[in-house]
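The values are calculated or read from the model by the stated rules, or taken from the named source; none is laboratory data. All figures in this text were calculated on a predicted structure; none of them were measured in a lab. Heads up, the Cβs are rebuilt from the backbone with ideal geometry, glycines too, and the neighbour counts pull from every protein chain shown. Note: accessible area is taken over every heavy atom of the protein model, side chains too, but ligands, DNA and RNA are not part of it. Shrake-Rupley method; radii C 1.70, N 1.55, O 1.52, S 1.80 Å.
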Amino acid sequence: DRSPSRGLGDVYKRQPIYQYLENEDLQKDIRYKQITTRMILSHSSGLPNWRNPELKLTHNPGSKFQYSGEGYMYLAKVIEHIQQKPINKVMKELVFLPLGMNHSSFLWEDRFETNFASPHDYTGSSKPKRRRKKPVIASSLQTTSTDYAKLMIAILQKNGIKRSTYNQIKKPQIKISGSLSWGLGWGIKKSSKNKYLWQWGDNGTFKAFAMMYPNCL
């Protein structure tokens, strides 16, 4: 919802995103033309987590939940096409800089060399740090706990987010099981007393978990 958006807000409507940019890797399966941004953000696009080796739909778009990094990669290309600039620059302009997330990037920056966490495997042994030279929107975010907290606070306080968008973020888009579902970018879990949004990450030697209660504000 932030400006300058250059029509970016239109992407979040329900029309299929192939209308903005076709996916050459999926041309053999016409079902991909049903995929919307809403499906990608709720991990219900029908795309796998990662291609192996070809990119193929595993089920009909919108029919069920399946975590998909490939979905986010496709969406990033669409945003780059609309904005006519690299996705990392888009994120800096629309998210990182406005929220004061000064230690965040989808690319490795030399200034991170003096302040980064070393990855460790399940035995506790440290492993080499991967320094991304190309952005991978689904997995290459370099950030700090403070910066990520700024993002979560901005969502809770609706800072730079339309109320309608905020309501969609915390609204279930696809059911997983029982009281568990997925919204726009966040998992949603309902208990007898409350509802919370959560997100996790698992890149092997790096893992993360975040949770917030939208009804507490």
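Of note:
- Residues of region 182-200 classified as small (Gly, Ala, Ser) and touching a residue at least 40 places away in the same chain (Cβ under 8 Å), total: 2
- Pairs with Cβ under 7 Å, 6+ apart, first in region 74-90 and more than 15 Å from Ala138 (Cα to Cα) and part of a helix (DSSP H, G or I), second open to solvent by 10 Å² or more (accessible area, probe 1.4 Å) and among the aromatic types (Phe, Trp, Tyr): His81/Tyr20; Ile82/Tyr20
- Residue pairs whose Cβ atoms lie under 8 Å apart, sitting 6 or more positions apart in sequence or on different chains, and linking a residue in region 11-34 that is at pLDDT below 95 to a partner that is open to solvent by less than 60 Å² (accessible area, probe 1.4 Å) and among the aromatic types (Phe, Trp, Tyr), are Val11/Tyr20.
- For region 179-190, the criterion of being under 18 Å from Lys150 (Cβ atoms) and either touching a strand residue (DSSP E or B) at 6+ places or on another chain (Cβ under 7 Å) or in a helix (DSSP H, G or I) (or both) is met by at least one residue.
To keep it simple, each residue is scored yes or no on (1) open to solvent by 40 Å² or more (accessible area, probe 1.4 Å); (2) more than 30 Å from Pro61 (Cα to Cα); (3) part of a loop (DSSP other than H, G, I, E, B); (4) β-branched (Val, Ile, Thr).
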residue: Ala138; (1), (2), (3), (4): no, no, yes, no
residue: Lys150; (1), (2), (3), (4): yes, yes, no, no
residue: Ala154; (1), (2), (3), (4): no, yes, no, no
residue: Ser192; (1), (2), (3), (4): yes, yes, yes, no
residue: Met211; (1), (2), (3), (4): yes, no, no, no
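- Going through (1) of a type outside the set (Lys, Arg); (2) in a helix (DSSP H, G or I); (3) surrounded by fewer than 16 Cβ atoms within 10 Å (Cβ to Cβ) one by one, Thr58 falls short only on (2).
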